[in-house]
1. So GLY305 clears everything in (1) touching a residue at least 12 places away in the same chain (Cβ under 8 Å); (2) within 23 Å of ASN68 (Cα to Cα) except one condition, right? Which one?
2. Would you be able to say whether some residue in region 114-124 is open to solvent by 30 Å² or more (accessible area, probe 1.4 Å), at pLDDT 95 or above and within 25 Å of ASN261 (Cβ to Cβ)?
3. Among the listed residues ALA109, ALA94, ALA61, identify the single one that is in contact with a Gly (Cβ under 8 Å, 6 or more places away or on another chain) and open to solvent by less than 50 Å² (accessible area, probe 1.4 Å).
4. I need every pair where a residue in region 168-180 that is of a type outside the set (S, T, N, Q) has its Cβ under 6 Å from the Cβ of a residue that is part of a loop (DSSP other than H, G, I, E, B), sequence separation at least 6 or different chains.
5. What tally of residues in region 269-278 results from selecting those that are open to solvent by 20 Å² or more (accessible area, probe 1.4 Å) and either within 16 Å of the ligand (Cβ to nearest atom) or under 17 Å from ALA230 (Cβ atoms) (or both)?
6. Is it true that LYS228 is in the same structural domain as ILE302 (by TED's automatic domain parsing), over 18 Å from the mean Cα position of the chain (by Cα) and either within 11 Å of the ligand (Cβ to nearest atom) or open to solvent by less than 10 Å² (accessible area, probe 1.4 Å) (or both)?
7. How about region 233-268: which of its residues are away from the ligand (no atom under 12 Å from the Cβ), under 23 Å from GLY118 (Cβ atoms) and out of contact with any Lys or Arg (no Cβ under 7 Å at 6 or more places or on another chain)?
8. Would you please name the residue that is most open to solvent (accessible area, probe 1.4 Å), looking only at residues in region 279-292 that are in contact with a strand residue (DSSP E or B) (Cβ under 7 Å, 6 or more places away or on another chain) and more than 14 Å from the ligand (Cβ to nearest atom)?
Amino acid sequence: MIKVKIKGTGIYAPKKVVTNFDLAEVVETSDEWIYERTGIKRRHICSTEGGEWPSDMAYEATQMALKNAGLEANDIDMIIFASVTPDYKLPNTACILQQKLGITNKCAALDIAAACSGFVYGINMVTGLIKIGAIKNALIVGSEMLSREVNWEDRNSCILFGDGCGVAIIGANENNDDSDILSVHLGADGSGKEFFDQPIGGAVEPIAETHLKEKTHFMQMKGKEMFKVATRTLAENAKLVLEKADKSLEDVDWLIPHQANVRIIETTGKLLGIDPEKVIINIDEYANTSAATIPIAMHEAITDGRIKRGQTLLLDAFGAGLTTGATLLTY
Ligand code: UT7
């Protein structure tokens, strides 16, 4: 079977930065509380004037990834856009991005709503298609404008989230070098769907005036429940993909977990027994950007030279749904 390679990555971080100190002027909180409980110092927030919509961020990040991969936009055979904050309900944001990128090859373009696991869902789903030769290069996007869906008056949730985008171009390893996807895992548990949801604004209950008045149309989260499931699930995922690939934790050079809370990441690390030096954390800068956290963290570590070709990476995600997934790969 054809080996699968991450050929290029890119990111876009919105220009506006909101620090914990800025938030403390809006809700009853403090830099100390937020940093101690979450590891977050600041987050980037999209402009509402345009130019930084999810598809715009993805456009910028993709230009960077194409350059890194040495590819042209028309080399992309499929676009998967992972987001819970698409530009519009219709058409999907992958199609909008296809047009913005000037892709004329009529490649497949779809959105997936797997929340914070979306990027890993995308990577894992296209792996099979690349391995059998059905497609050559896929663009996987995690792009979120969560600031639109957060209740900025709710200190329990607004402190946690940020906006941003990370992308990866993943495709057939034409040189047949060491790079490959070694194993994948995807899962979900709908019994935890109330832990993190946004029930207003869909087909069941469209947004009405009362929702706007009572601010019930925003995302809502049961933080403690999410925390418990997250640590257990992330640790289980890691073990599963290692087992599937007949590898051990010692073989892993870098664990790139979803960035929801530094304490979740640390607890997961302890459950696994991984050296903390091998865990990539950047939540201090971006907060939780949902589907974008893993590709942003991966890109930064590639760019600053921590991640090198031939090393083994473990991507590990969980999110609303509850969805989850992991990927073990040789970069
Ligand atoms: O991407 C996946 C989705 N996200 C997650 O998985 C997040 C998972 N959960 C978490 O990260 C944590 O549960 C939180 C950061 C959300 C909360 O941390 P916690 O340690 O579980 O705090 P808590 O909810 O137990 O709150 C402790 C206290 C409470 O006061 P009392 O009741 O003890 O007097 C809260 O009212 O802290 C209070 N509190 C705050 N204080 C200052 C809650 N939010 C804040 C705040 N600033 N922003």
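The values are calculated or read from the model by the stated rules, or taken from the named source; none is laboratory data. Only a predicted model underlies this, so the values are computations on that prediction, with no experimental measurement involved. So basically every Cβ, Gly included, is an ideal-geometry build from the backbone, and we count neighbours across all protein chains shown. Only protein heavy atoms, including side chains, enter the accessible area calculation; ligands, DNA and RNA are left aside. Shrake-Rupley method; radii C 1.70, N 1.55, O 1.52, S 1.80 Å.
1. (1)
2. yes
3. ALA61
4. Pairs that qualify, where the first residue is of a type outside the set (S, T, N, Q) and the partner is part of a loop (DSSP other than H, G, I, E, B), are GLY171/LYS136; ALA172/ILE2; ALA172/LYS136; ASP178/GLY310; ASP180/LYS3.
5. Qualifying residue count for the region: 3.
6. Here the answer is yes, as LYS228 does meet what is asked.
7. Matches in region 233-268: ALA235, GLU236, ASN237, ALA238, LYS239, LEU240, VAL241, LEU242, LYS244, ALA245, ILE256.
8. Step by step, filter region 279-292, then rank; the result is GLU285.
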